Amino acid sequence: MRLKLLTLFFFAFITLTNAQEHKTITYFTNDSTKLELDLFLPKKQGKEKLPLLIHVHGGGFAGGERIWGHTIAKHAASQGYAAASISYTLYMKDKNFSCNGILSEKIKAIQIAVNQLWQATLFFNNNSEKYNIDTNKIFISGSSAGAETALHAAFWDRKIMTIYPETLPEDFQYAGVISGAGAIMDLNLITKKNLIPVQLFHGSCDTTVPYATAAHHFCPANSSGWLMLFGSLSIFEHIEKLNGSCHLTTYCGGGHEYSDELFAKNPQSVVDFMNRTLQNKKELTHIIVRGKDCKTGTFDFCN
């Protein structure tokens, strides 16, 4: 028992000492907005440029803060990545993001967050020498609203959806995307042309963001805020048809509480995914973590 505790202590010590304290950096400003990120860098760096992970916290586009992404960012930095957790405009604060909300406002909230994630990416693209970043190895991740942001940032057409004058290079593509209980508004956004490796994790009985295909919050069709979403299972099956690379972890019987599960409790699995991606290892895997049956009455996709 003592040996086990000493081993765990040693591992924790190495992990903490290999990543230095974060720097808070302003990554975007205009007349009305100032946005910051917390950047974690490996304490020891070689000559090679660093891969980068940019993380977006959850909170329904109405709450949350970038400190929520510190666990995954710290761990990624301890494993040789640059990692940033960003703030973004919480457009839905004091607004209704559920069934009785306004659909156009919900879409606008996602669009603003996506554009600000693009601006964070652009910041690192423009300052790659200063922070020793390999711009061909930029990953994005997020939980819940942050996952919806990351997925749309990866697959939306930037020419159509951009709202800021300065944009990423036309040929820029993310190295991969990691989504915790996320969804996308249209599976057709994911094509053979823009396909990148994806890691997904989701509770099968999530009643906030659907695990498969359903309305956001499972709203009735006559709701003012009705929005169809394609969740992790639907994304996985779509990528499978495109012969892409995807890893899905399903928490059978789990709800939306699993939206931060890997980022907070098993960040090494995210680093492992990024490492495999950078090694050009293609995968199509679905891990099911068995749990209790759904209590909500929704269909249990695990069986």
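Rolling a 1.4 Å probe over the protein heavy atoms of the chain, with every protein chain left in place, gives an accessible area that is 53 percent carbon and sulfur.
At the residue level, Glu257 shows approximately 130 square angstrom of accessible surface with a 1.4 angstrom probe and all protein chains present. Among Ala82, Ala145, Ala214, the largest mean-square fluctuation in a Gaussian network model of the chain, built with springs joining Cα atoms closer than 10 Å, belongs to Ala214. Accessible area ranking (1.4 Å probe, heavy atoms, ligands and nucleic acids excluded), largest first, for Ile110, Ile102, Ile288: Ile102, Ile288, Ile110. Summed over the residues of the stretch 62-180 and divided among them, the accessible surface reaches 38 Å² per residue at a probe radius of 1.4 Å. Once the Cα-Cα distance is subtracted from the 0.36 nm per residue extended length, the Ile163 to Lys130 segment shows a gain of 9.2 nm.
Each residue of the stretch 160-170 is assigned a 3J(HN,Hα), and the resulting list reads 7, 9, 5, 10, 10, x, 8, 10, 5, x, 4 Hz, derived from the Karplus form 6.51 cos²θ - 1.76 cosθ + 1.60 (θ = phi - 60°), x at Gly and Pro. Taking Cys246, Cys205, Cys99 as the candidate residues, the one with maximal mean-square fluctuation in a Gaussian network model of the chain, Cα springs under 10 Å, is Cys99.
Pairwise alpha-carbon distances in the stretch 198-248 exceed 12 Å for 61% of all pairs. The residues of the stretch 198-241 expose, per residue, 33 Å² of accessible area to a 1.4 Å probe. By DSSP, the beta bridges lying fully in the chain are antiparallel in about 35 percent of cases. Ignoring lysines fewer than eight residues from Lys44 along the same chain, the ones with Cα atoms less than 24 angstrom from its Cα are Lys23, Lys74, Lys130, Lys137.
Overall, the ratio between the Cα radius of gyration of the chain and 2.2 N^0.38 Å, rounded to two decimals, is 0.97. Considering only Met161, Met185, Met274, the mean-square fluctuation computed in a Gaussian network model of the chain, springs between alpha carbons under 10 angstrom, is largest for Met161. In this structure the amide hydrogen of Tyr211, modeled in the peptide plane, comes within under 5 Å of the amide hydrogens of Asp206, none closer than 5 places in sequence on its chain.
The values are calculated or read from the model by the stated rules, or taken from the named source; none is laboratory data. Since the model is a prediction, treat every value here as computed from it, not as a measurement. What goes into the accessible areas is simple: the full protein's heavy atoms, side chains included, and nothing from ligands, DNA or RNA. Shrake-Rupley method; radii C 1.70, N 1.55, O 1.52, S 1.80 Å.
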